[in-house]
Amino acid sequence: MKNYRKEGLIIKLDVQTLAFILSIIFITQVIALSVQYRMNKTYDGIGWWLLGSSLMALGVIFMPLLTVKSLEIFARIANVLMVLGQICLYIGIMRFLDKKENRWILSSVFAVFVFFYYYFMFINNDISARTVVINATLAII
């Protein structure tokens, strides 16, 4: 945890605080996109953006639940929701640009990600490897 001093006020930034701020941002984005989607359905892809933002908002909200034993299962799917949200955003961008996405490639990338992510969670518990898997998948998308 880092302390930042600004005019005598100490601001503590930890992971839970940052996750809370990011979840507020994502929820605001979901609200804005849902209004946009309801008012203007002429553009393809906005529904995919809404779905992707909703999945990422859920992922960020679920991340801090790792500390609550009964809700730990939600934290275990948080990063999967984040990656799935990015895939939905990609599909939305492709649809908005009137291009066709290759769903077979996207499904394959997601399946390989899920396999290695959970392999490095349940079989060979290695948080560094999970981080590499997540970032490599996001770079591929």
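The values are calculated or read from the model by the stated rules, or taken from the named source; none is laboratory data. All values reported here derive from a predicted model rather than from experimental measurement. No Cβ is skipped: glycine too gets one built from the backbone with ideal geometry, and neighbour counts run over all protein chains shown.
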Please identify the pairs in which a residue from the stretch 96-107 that is under 19 Å from I46 (Cα atoms) has its Cβ atom under 7 Å from the Cβ atom of a residue that is not in a helix (DSSP H, G or I), counting only partners at least 6 apart or on another chain. F96/Y43; F96/D44; F96/G45
Odd one out for I24, checked against (1) touching a Ser or Thr at 6+ places or on another chain (Cβ under 7 Å); (2) more than 22 Å from F110 (Cβ to Cβ); (3) not basic (K, R): (1)
Residue count, the stretch 94-126 (criterion: surrounded by 15 or more Cβ atoms within 10 Å (Cβ to Cβ), in contact with a Phe, Trp or Tyr (Cβ under 8 Å, 6 or more places away or on another chain) and assigned to a helix (DSSP H, G or I)): 2
Scan the stretch 37-46 and tell me whether some residue there is assigned to a helix (DSSP H, G or I) and either within 30 Å of F122 (Cβ to Cβ) or at pLDDT 95 or above (or both). no
Restrict the check to the stretch 65-75 and report whether at least one residue is touching a residue at least 24 places away in the same chain (Cβ under 8 Å), surrounded by fewer than 21 Cβ atoms within 10 Å (Cβ to Cβ) and either within 8 Å of the chain's Cα centre (by Cα) or not assigned by TED's automatic domain parsing to the domain that holds V133 (or both). no
Has the stretch 40-61 got any residue that is under 27 Å from Y119 (Cα atoms) and among the basic types (K, R)? no
Log entry, pairs with first residue in the stretch 79-90 being over 18 Å from F115 (Cα atoms), second being of a type in the set (S, T, N, Q) and surrounded by 20 or more Cβ atoms within 10 Å (Cβ to Cβ), beta carbons closer than 9 Å, six or more apart or on different chains, reads C88/S53; L89/S53
